[in-house]
1. For the chain, set up a Gaussian network in which alpha carbons nearer than 10 Å are linked by springs, and say which option among Ser261, Ser177, Ser293 fluctuates the most.
2. Counting other Cβ atoms within 10 Å, which GluC sites (Glu not before Pro) in the stretch 50-143 have at most 13 and lie in a DSSP loop?
3. Report the residue, chosen from Gly408, Gly186, Gly362, that carries the largest GNM mean-square fluctuation when the chain is represented by alpha-carbon nodes joined by springs under 10 Å.
4. May I ask for the net charge around Ile175, where only other residues with Cβ less than 11 Å from the Cβ of Ile175 are counted and Lys, Arg are +1 while Asp, Glu are -1?
5. What number, rounded to the nearest 500 deg cm²/dmol, is the helix-based mean residue ellipticity at 222 nm of the chain, given -39500 (n - 2.57) per DSSP H run of at least four residues and division by all its residues?
6. For the stretch 226-258 and the stretch 65-99, what is the separation of their C-alpha centers, rounded to whole Å?
7. Highest first, please rank the peptides 373-383, 191-201 by the mean number of other Cβ atoms sitting within 10 Å of their residues.
8. Hey, what angle do you get for helix 95-105 against the long axis of the chain, alpha-carbon based, 0 to 90 degrees rounded to 10?
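Nothing in this text is a laboratory measurement; each read-out follows from the coordinates by a stated rule. Note that the structure is predicted; figures quoted are calculated from it, not measured. For neighbour counting, all protein chains shown are included, and Cβ atoms are generated from backbone atoms with ideal geometry for every residue, glycine included.
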Amino acid sequence: MSGFDAPPLLLPDLIDRQSRWLGDKTALVAGAERRSWRDFGAGVRRTASALREAGVRPGDRIVVMMRNSLEMVEAMFGILRAGAVVVPLNVAVSDAAAHAMIADCGAMGVIASADHAARLASQPQPAVRLWICVAAPATEQGSGFRWVDYHRMRDAAALEPPGAGVGSESICNIIYSSGTTGLPKGIVHSHRRRLDWARDLALALRYDSRAITLCPIGLYSNISWVGLLCTLVVGGTIVVEESFDVQRTFEVIARERITHSSMVPVQFQRLLESPCLATANLSSLRSLMCCGSPLPLALKQRALTDFGCDFIELYGLTEGIITTLSPEDARLRPSSVGLPLPGTDLRLIDESGREVPTGEAGEIVSRGHIAMTGYYNRPDADAEATWIDEQGRRWLRSGDIGRVDEAGFLYLVDRRKDMIISGGQNIYPAD
């Protein structure tokens, strides 16, 4: 008996259902622009249809190099609904680095905002057959191709694309790591793991249907994907900011009644140090998440009180290692970065690959259902990032050194590669 089971739910399916049932509820806000869930869903479907009509097939990689906008959100999820793989690029990288990543993932298409189109047109990419731009220039570029206008292409498409032909283990996205040397590695997530990741984070960060989430970081960042996907899962509202500005952030929080946001420590520091804080209306805030770099203890303690809401620290890697420190636990263990998400396991190992006792420092390794599929076309990097336990199970190596207390709370020590061995002792720069 098969029961009433349905095929596994993917992110595009989730948007379809939210679009159907939430209707006129606001899904997206960017400045004066607003989209209801119904209109957002229709835009995603038309974008997907336009891409399929242009020759995009399941598994094709489509690079997105855009500034934050409603079009960027729509384009990324339209790519997924078409069955393709979204590859969002950090717009701050050099032109050469952008072209290297386009070549590395073997992109079939590129979607760019007008301010980045000229950068991408500077070097031909033989594998790229589809060049799409918001407000596309009408003239031929020096590299011999013509930009297709995003809006005209989308609006001319049928509302429903053909079946996407992807499953739960199909590639959802490739996000390039911010490596300091050489070409960054493409981090691959499957549809199933990405949705599991979003659901686990939504619980840990206290999202529900009332969420109105501010996204002030580039949407290419995995930090922004926290806010995007958690809000999509619960059917809330996403408020996209083109860039981060302290005064404007306070204004948007008050005007849009922001409840959630994810930022890096320096952004929270600038907000807390601003004279605007004294008169800011922060009464709508419910949960703020901080991640991306170590959070100084003094800043953490001030954030726990001055924002007047739950302040949650997240330690994690885009590859899929995550712990969170709730505000309740932060008051008892302020130096910790918390506990792993439910369904995620952590261990600490020494230089020989042996598990270290409680309280001793070791490299953080993790396994669970939110971990990446692997690095794109980099079996060497996969092997380097793998630790095999005594039962033959694969764990993801973080490269970070931590220690765990008797209650299981994780504390960061340093990066393994920065460790100094002197007189047989392991010494970390942070010490």
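1. Highest fluctuation among the options: Ser293.
2. When the GluC sites (Glu not before Pro) of the stretch 50-143 are filtered for loop state and at most 13 Cβ neighbours within 10 Å, Glu140 remain.
3. Residue with maximal mean-square fluctuation among Gly408, Gly186, Gly362: Gly408.
4. That sum, taken over residues with Cβ under 11 Å, equals +1.
5. Numbers: 13 runs with 132 residues, N = 431.
My calculation for the chain gives -9000 deg cm²/dmol from helical runs alone.
6. Rounded to whole Å, the Cα centres lie 19 Å apart.
7. On the way: 373-383: 16.3, 191-201: 21.8.
Ranking the peptides 373-383, 191-201 by packing returns 191-201, 373-383.
8. 90 degrees
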